[in-house]
Amino acid sequence: MDSEKENHVKHFLDLIQKSRKGKFKVYIGMSAGVGKTYRMLQEAHTLLRNGIDVKVGFVETHRRKETHELLEGLPVVPQRSIFYKGKYLEEMDVQGIINLRPEVVIVDELAHTNVEGSKNEKRWQDVMDIINAGINVISAVNIQHIESLNDDIKEITGIEVKERVPDSVLKAADEVVNIDLTADELITRLKEGKIYTPDKIPSALNNFFKAEHILQLRELALKEVASQVERKVETEVVGLRNFKQEKFMACISSNHNTAKTVIRKTARLANYYHSKWYLLYVELPCESANKIPLDRQRHLINNFKLATELGAEVIRVQDNSVASAIIKQAEQRKATTICIGKPHLNLVKIILSTNIFNSLLNKLSKSEIDLIILS
């Protein structure tokens, strides 16, 4: 079979697989306590009343009275016990859900890390398995768990969130709904004990629930949902498909702190434009495997993994000149925008230290390739 026929077959198989997948709806919020779980359970009751076979795969009520009461009358899939470090821990029974094959399943806490010994490391991977089995999923996540926003969240709150969900998971959602409250409404709910137990309220008010933090987190949540809606409009509304197709190329050096910023911000741009993106690492002779320190090698591999999780195609080339390698790869991949770190960082220093920088800019200009310097 020639390659053209193989492509036709693959295309048809892709269409079949796509039609077999379940639909995916995600409720997103600026923080805990906005009412995501409550809304999911309300929706489950509505579906049930309309004759839809809906089951609760996993819900975390955090002992919130109003939310817990909504579980009454909903069929719940029993959790699975896993023996870990001398005790039994409960996890969502993914295979049990797939075997039952409900039309819709409710799965809370999308960013949750599973107990060791589970099939998947993360709950969002469980959700993908359920969707691929043809079951519709309604789930929920807080904005601070989105991978590419990790640096922004740390800057706003001073806290580095460890449990994170790749942007590609939200991108895969058929529907993303923002559960929005004003900062005053959320703080009032907290003070009334509707979010945390009384002993946790003072600490919460001094951390995530500071009014200025909530405003910034709210803005991030609104922007995230707006970009998801815009992406759906661009891909699904007839007449908008002739726009120039963006392709981003993030260029990193072995400076791992800079690289993480460039990767996450380029992923955000690519997600916003619903576009393909690449990660380019140019290995100079002084950075060959036998010369680069082991810790830098490890950070480099971790950054390649991060970029892959965020949807990038990783390109690793060896060259004596970073600038000429960037030009060559950008032209080969038909990149429309190149993203690099700001001038005090290694990659740009390397470019500036050569007389190729002007030719790089000229070449990019002639090729109509944009250059973005990320801070």
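Of everything in the stretch 265-307, what is aliphatic (A, V, I, L, M), part of a helix (DSSP H, G or I) and open to solvent by 70 Å² or more (accessible area, probe 1.4 Å)? Give them in sequence order.
Quick first cut of the stretch 265-307, residues aliphatic (A, V, I, L, M) only: 267, 269-270, 279-280, 282, 284, 289, 292, 294, 300-301, 306-307.
Now narrow it down to the ones that are part of a helix (DSSP H, G or I): 267, 269-270, 294, 300-301, 306-307.
Hits for the stretch 265-307 are L294, I301.
Considered as a group, the residues in the stretch 66-86 that are of a type in the set (V, I, T) and not in a loop (DSSP other than H, G, I, E, B) include one that is surrounded by the fewest Cβ atoms within 10 Å (Cβ to Cβ), and that residue is V76.
Residues of the stretch 218-233 being at pLDDT 90 or above and either in contact with a helix residue (DSSP H, G or I) (Cβ under 6 Å, 6 or more places away or on another chain) or surrounded by fewer than 13 Cβ atoms within 10 Å (Cβ to Cβ) (or both), which ones? L220, A221 - these are the residues of the stretch 218-233 that are at pLDDT 90 or above and either in contact with a helix residue (DSSP H, G or I) (Cβ under 6 Å, 6 or more places away or on another chain) or surrounded by fewer than 13 Cβ atoms within 10 Å (Cβ to Cβ) (or both). Answer yes or no: is there a residue in the stretch 96-105 that is more than 28 Å from R218 (Cα to Cα), surrounded by 14 or more Cβ atoms within 10 Å (Cβ to Cβ) and in contact (Cβ under 8 Å) with a residue 60 or more places away in the chain. Within the stretch 96-105, one or more residues are more than 28 Å from R218 (Cα to Cα), surrounded by 14 or more Cβ atoms within 10 Å (Cβ to Cβ) and in contact (Cβ under 8 Å) with a residue 60 or more places away in the chain. Remark: pairs (first residue in the stretch 325-338, on the phi < 0 side of the Ramachandran plot and open to solvent by less than 60 Å² (accessible area, probe 1.4 Å); second residue of a type in the set (D, E) and not in a helix (DSSP H, G or I); Cβ separation under 7 Å; 6+ apart in sequence or on different chains) = A325/D319; T336/E246; T336/D370; T337/E246; T337/D370.
Going by the conditions given, is L89 aliphatic (A, V, I, L, M), modelled with pLDDT of 95 or more and open to solvent by 20 Å² or more (accessible area, probe 1.4 Å)? Criteria not met by L89. Kindly establish whether S168 is surrounded by fewer than 21 Cβ atoms within 10 Å (Cβ to Cβ), polar (S, T, N, Q) and assigned to a loop (DSSP other than H, G, I, E, B). When the stated conditions are applied, S168 does not pass them. In the set (1) closer than 20 Å to G29 by Cα; (2) at pLDDT 95 or above, R63 fails one condition alone, (2).
Note on the stretch 339-359: residues that are surrounded by 14 or more Cβ atoms within 10 Å (Cβ to Cβ) and modelled with pLDDT of 65 or more amount to 3. Just one residue in the set N114, N142, N206 is touching a strand residue (DSSP E or B) at 6+ places or on another chain (Cβ under 7 Å) and free of Cβ contacts under 8 Å to residues at least 24 places away in the same chain; that residue is N114. Taking the stretch 107-125 as the range and being over 13 Å from G22 (Cβ atoms), outside any loop (DSSP other than H, G, I, E, B) and open to solvent by less than 40 Å² (accessible area, probe 1.4 Å) as the test, the residues that pass are K122, R123.
The values are calculated or read from the model by the stated rules, or taken from the named source; none is laboratory data. Note that this is a predicted model, so its numbers are computed, not measured. Every residue, glycine as well, gets a Cβ built from its backbone with ideal geometry; the counts of neighbours run over all protein chains shown. Heads up: the accessible areas ignore ligands, DNA and RNA and are worked out on the full protein's heavy atoms, side chains in. Shrake-Rupley method; radii C 1.70, N 1.55, O 1.52, S 1.80 Å.
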